[in-house]
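A short reminder: the numbers here are calculations on the coordinates, not readings from a lab. Here the structure is a predicted model, which means the values were calculated and not measured.
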Amino acid sequence: MGSGSTRAPKLFSPGDGPSEGLKVLQLCYREPTFENMSLLCQIMMFDPGDRVDALAEERLDSAVSHPEHLANFLDGLSKGGPIRTWFAAEDLLGIKTPTLLFHGRDDRVVPYEHSLLLLAHIPNSRLVLFNRCGHWAMIEHPGEFNRMVADFITSS
């Protein structure tokens, strides 16, 4: 769901460092405040509507109750980024497990071109690209998301 893929030339996204969403995510791990979590929720979703405060509170409660998660993420950043292991395209070709990919077309964290790359290189994969959807497809389109996951699991 909104997964990064391989280090490859960027086609549809800025090529000059972390995305807007990753910058805010890093800020939230360094400074877990309600204000920062509110900003994160607005960036993670295409249209958060009136859910921002409740989601921000939930994210903040989770972050401060698990400081080890914050520390692990920040430690990973100090070692080169939130994703430490990138797979080469040829490695993806060896994946035999049926794979269901989801991505929001309006994702400001991980551009959907990553899922297009995964789709092109994982032999038994399919991609659901939600329009008017950010990084949190499971929150913005929960009914469709859950139904498709359940159908995929039962039919694969």
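Its DSSP H runs of at least 4 residues, each contributing -39,500 (n - 2.57), put the calculated 222 nm mean residue ellipticity of the chain at -15000 deg cm²/dmol, to the nearest 500.
Converting phi to 3J(HN,Hα) with the Karplus coefficients 6.51, -1.76 and 1.60 and the offset θ = phi - 60°, the stretch 139-151 yields 9, 7, 9, x, x, 5, 4, 5, 5, 5, 5, 4, 4 Hz in sequence order, with x at every glycine or proline.
Overall, the ratio between the Cα radius of gyration of the stretch 20-78 and 2.2 N^0.38 Å, rounded to two decimals, is 1.08.
Couplings for the stretch 19-24, taken from phi via the Karplus curve 6.51 cos²θ - 1.76 cosθ + 1.60 with θ = phi - 60°, read 5, 3, x, 5, 5, 5 Hz in order; Gly and Pro are left as x.
Based only on Cα atoms, what Rg/Rh ratio does the chain have, Rh being taken as Kirkwood's radius? If you can, show how the numbers build up before the last one.
Details: Rg = 16.2 Å, Rh = 16.7 Å.
When Rh is taken as the Kirkwood radius, the ratio is 0.97.
Amide hydrogen proximity for LEU127: with H placed 1.01 Å from N in the peptide plane, the residues at 5 or more positions away or on another chain lying under 5 Å are LEU101.
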